[in-house]
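To start, the structure itself, in structure tokens.
The values are calculated or read from the model by the stated rules, or taken from the named source; none is laboratory data. The shown structure was predicted, so the numbers you read here are calculated from the model rather than taken from an experiment. Positions of Cβ are backbone-derived with ideal geometry, glycine not excepted, and every protein chain shown enters the neighbour counts. The protein model used for the area step is the full one, side chains on, heavy atoms only, and it has no ligands, DNA or RNA in it. Shrake-Rupley method; radii C 1.70, N 1.55, O 1.52, S 1.80 Å.
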Amino acid sequence: MAEVANLSSGSLEPTVKPLAAACYDNNLVNSQGMFLGDQPLRFSLPLLLVQVSLILLLSAAAHLVLRRLGQSRFVTHMLVGVLLGPTVLGRSDSFRGILFSERGTYILESVSLVALILFLFSMGVKTDLSLLRRPSGRAVAVGITGSLVPLAVTLPVFHALQPSLPEDLRGSSLITELAVRLSLSSFPVIADALSDLDLLNTDLGRIALTASLITDVTSWFLRACSAAVFLVSEAKSPAFTAQILASFVAFVLFVGLVARPAGRYIAYKRTPAGSLLSEGSFVVVVIAALLSALVTDAIGFKYMIGPMMLGLALPGGMPIGATMTERLDSFFIALFLPVYMALSGYRTDLAELNKEETSEKWCALELFVGLCVSGKLVGCVAAGLFFSMPFRDATVLALMLNIRGIVEVAAINNWGDTMKATAEHYSILTLSMVLITAVSTPLIKLLYDPAGQFMRAKRRTLEDLRPSADLRLLTCLYSEDHAAPLIDLLEASAGSSRESPVSLIVLHLTELVGRAASVLKPHRQSRSGGGGGSSSDRIMNAFRHLEQQAAPGAVTVSPYVAQAPYSSMHHDVCSLAHSRKANLILLPFHKSSDGARSTANNSIRSINRAVLQYAPCSVAILVDHGLAAGSACATSANSLLQRAALYFLGGPDDREALAYAARMPDAGNMSLTVVRFKLRNWVGMGGSDEARDEEVLHQFWTRHRDNDRVVYVEKTVEDAEGTASVVRSMSEKFDLLIVGRRGGDDKDLEGSAALTSGLSDWSEFPELGVLGDMLASAEFASRVSILVIQQQPVKNATAC
């Protein structure tokens, strides 16, 4: 522990850990119970269980409070360790002797180190090296500049002040290694932090991940080289030097020529598509990760290098990466990695820093930490400004790349193990890492709103679009089951000629599993031809079939795929709609039915609601209550949508719905009935909204009065009950019902509010609006599909 002095070497400098193991009876493992006279906490197993339980319990309780302040789990675990350590509770000799004796912490640390090894291996598997193939210029510039500037500032200052530094820093390599470590950004740490912040798939998040990966891969290579140079310099003979180099080269060759092909064989040959690894394959992979740490540690390289190299060599995603997430990350790593961080905090003795003789070391170390952090901030901001990034975004990007975590703590622990850092150095540096992250993450939340760019964007609506203009539709799918009903709808509304073209941007959304970095890219057909290709291949083939069946030039399809956490998946939808200038985003409803039973996905519901709130254009949700066209290869011959009705009550959402429905009669054989609801004895307020309603209805009827497939009907009702009665009596005559979402608190709808007053009191799906929710309920015909359309207002409302 921190307060143990290195008396054997004759030095008075305290070390981070005891130099020699305490004497104890290694047979004391299982207790026979306190009723038989045993003291359970004197035995290894009961003590380990109490220690782990205490750390996890305190961490969970502390995080409930600290997460409201924007703090990450890393900060929570470290502060829990400080609480248990000699700074607070550990000042009591009895507490420390009973729960955290030297014998107990050795066992606890050994288990937590296994968790660290598996964490590094898992992150290596999830790392997507394809990010390095074509990195953006901004990511390269930010990564390189953000690493070189702090080095260029810190190292000259260190050499200039070296004669006046404390003796333990003057002749040590600690400052140099600290400057190198803090000038770099750790990809596992940045990816984990951005995942907690739900920023993985934002613009700045992607730049930060790529920049950190560039510097991290470089740092792992330099770390291996520096370890090799050190071992060679310590070699006693040329033969010993040759053995060191040959051992490392043999390990690298084994990883590249044996482990990588074996991993690909397990992933793609032995494991069925879409399945996790078998139990035997999973055990083989985990054993390989542990042995890689053993080998690199045995040949003189750090134990962290082996698992990371092996993980990078294995294919990520499904099935290996997904299996690591499902079976390893969610249990063993989640259980014991917090213990590793808590132990690091436990060794931090802030009481030592109050001593007068420690103040000089404190000031010296904090000077160099401050130089590194500020140098990295300046370098990243300068690179961002060079590429015309807003100053605020450049600052947020610099804060992202300054986040510190378990990799930095592992480096500090290593410096303590090798005696480069004394107990005072260790406490100062771990506290600094906690403070840097504790300040950075709340500032990122405060300064960066990824939805802001969509809210500030010019709104694109169907109402303002000329009938002959190109209709740009962003069609989103979460699974193959969503393809058939969406294709049916598009066939009924897509242009039949080049005079009214439709540009389809098809986006297949899947949850990010087994990878650390999110994906948003154009879809490319997979190379493997077995099994009909991937799910994305089959979906895109169905939409390409739609493109081929349409008139030449009438429909164009641009396929995309996205992998992201459900919690932030709406960023990809809104970002693609913004960049491709979409007029309408088409989403499937979160509930689906096969005629016998219905299933709901609340994650999809959350995404749909977020898109409704933040989208830069109009949004439509399709509730498929009809029997799907059977497969993802639906064609016009088996389309089920022949008769559509639009219920028009008034307001911007209803006008948007009318603008979409007006394209249907020209697209194919779809018949359209527009039902205008009027309130009896309503004289109107003469507002601009009512005038606009009359104008668009007049334009619609003028355009389609000679079309036999278009019917216009006006229904006069007394109140909302009359509206519901008319809707209930007419709906079963149609295959598709189109309604405006009509937000319940929209002030523009005062003139027609009485038409739906009270209908929303028992609303189950507020994202569908009043009429949409009523139509989607079980009391209506289960074979009628519903399309709910929202015209995005200039100022977004609160989340639905």
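Details
- Helices (runs of 4 or more DSSP H) enclosed by the range 354-469 - at least 3 residues per element that are farther than 28 Å from ARG73 by Cα: 359-386, 452-456
Okay, residues lined up against (1) in the same structural domain as SER147 (by the TED database); (2) not aromatic (Phe, Trp, Tyr):
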| site | (1), (2) |
| --- | --- |
| GLU352 | yes, yes |
| LEU371 | yes, yes |
| LEU377 | yes, yes |
| PHE387 | yes, no |
| ILE403 | yes, yes |
| ALA421 | yes, yes |
| VAL434 | yes, yes |
| LEU462 | no, yes |
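- Total residues in the range 470-483, condition surrounded by 16 or more Cβ atoms within 10 Å (Cβ to Cβ) and in a helix (DSSP H, G or I): 3
- Restricting VAL396, VAL407, VAL439 to those that are within 25 Å of VAL153 (Cα to Cα), under 22 Å from the mean Cα position of the chain (by Cα) and surrounded by fewer than 18 Cβ atoms within 10 Å (Cβ to Cβ) reduces the list to VAL439.
- Residue check, ALA115 hydrophobic (A, V, I, L, M, F, W, C), closer than 30 Å to ALA383 by Cβ and either in a helix (DSSP H, G or I) or touching a His at 6+ places or on another chain (Cβ under 6 Å) (or both): no
- Scanning the range 67-84 for residues that are assigned to a helix (DSSP H, G or I) and open to solvent by less than 70 Å² (accessible area, probe 1.4 Å) returns PHE74, VAL75, THR76, HIS77, MET78, VAL80, GLY81, VAL82, LEU83, LEU84.
- Flag if SER278 is hydroxyl-bearing (Ser, Thr, Tyr), in the same structural domain as PHE121 (by the TED database) and more than 29 Å from the chain's Cα centre (by Cα): no
- Per the conditions (1) at negative phi; (2) at pLDDT below 90, the sole criterion not satisfied by GLY684 is (1).
- Residue in the range 370-380 that is surrounded by 15 or more Cβ atoms within 10 Å (Cβ to Cβ), within 25 Å of the chain's Cα centre (by Cα) and over 23 Å from LEU429 (Cα atoms) present: no
- Residue check, LEU328 assigned by the TED database to the domain that holds GLY256 and at pLDDT 90 or above: no
- Among the residues of the range 139-160, those identified as more than 20 Å from GLU366 (Cα to Cα) and in contact with a helix residue (DSSP H, G or I) (Cβ under 6 Å, 6 or more places away or on another chain) are ALA139, ALA141, VAL142, GLY143, THR145.
- Flag for MET341 being modelled with pLDDT of 90 or more and within 23 Å of the chain's Cα centre (by Cα): yes
- In the range 225-252, residue farthest from MET309 (Cα to Cα) [restricted to those that are open to solvent by 70 Å² or more (accessible area, probe 1.4 Å) and modelled with pLDDT of 80 or more]: GLN243
- Identity of the residue in the range 484-500, charged (D, E, K, R) and assigned to a loop (DSSP other than H, G, I, E, B), that ends up farthest from GLU694 (Cα to Cα): ARG498
- The listed residue being modelled with pLDDT of 95 or more and among the polar types (S, T, N, Q), out of THR422, THR395: THR395
- Out of LEU169, LEU155, LEU64, sole residue that is part of a helix (DSSP H, G or I), open to solvent by 30 Å² or more (accessible area, probe 1.4 Å), out of contact with any Phe, Trp or Tyr (no Cβ under 6 Å at 6 or more places or on another chain) and touching a residue at least 12 places away in the same chain (Cβ under 8 Å): LEU155
- Scanning the range 729-781 for residues that are outside any loop (DSSP other than H, G, I, E, B), among the acidic types (Asp, Glu) and at pLDDT 80 or above yields GLU732, GLU767, ASP773.
- Whichever residue in the range 565-606 is over 22 Å from SER785 (Cα atoms) and charged (D, E, K, R) and, among such residues, is surrounded by the most Cβ atoms within 10 Å (Cβ to Cβ): ASP572
- Scanning the range 544-569 for residues that are among the polar types (S, T, N, Q) and not in a strand (DSSP E or B) turns up GLN548, GLN549, SER567, SER568.
- Scanning the range 466-515 for residues that are touching a Lys or Arg at 6+ places or on another chain (Cβ under 9 Å) and free of Cβ contacts under 8 Å to residues at least 12 places away in the same chain yields a total of 0.
- Filter result for SER785 (at pLDDT 85 or above and not aliphatic (A, V, I, L, M)): yes
- Selection status of LEU148, over 18 Å from the mean Cα position of the chain (by Cα) and open to solvent by less than 10 Å² (accessible area, probe 1.4 Å): no
- The range 253-274, subset among the aliphatic types (A, V, I, L, M) and open to solvent by 100 Å² or more (accessible area, probe 1.4 Å), residue farthest from GLY533 (Cα to Cα): LEU257
For every residue, the table says whether it meets (1) surrounded by fewer than 22 Cβ atoms within 10 Å (Cβ to Cβ); (2) hydrophobic (A, V, I, L, M, F, W, C); (3) under 22 Å from the mean Cα position of the chain (by Cα).
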residue	(1), (2), (3)
TYR106	yes, no, no
LEU116	no, yes, yes
PHE119	no, yes, yes
VAL125	no, yes, yes
ARG134	yes, no, yes
ALA141	yes, yes, no
ILE144	yes, yes, no
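- Candidates VAL284, VAL180, VAL189 - the one that is touching a Gly at 6+ places or on another chain (Cβ under 7 Å) and either modelled with pLDDT of 90 or more or under 20 Å from PRO319 (Cβ atoms) (or both): VAL189
- Among the residues of the range 67-100, those that are under 22 Å from VAL409 (Cβ atoms), of a type in the set (A, V, I, L, M, F, W, C) and touching a residue at least 12 places away in the same chain (Cβ under 8 Å) comprise LEU69, PHE74, VAL75, MET78, LEU79, VAL80, VAL82, LEU83, LEU84, LEU99, PHE100.
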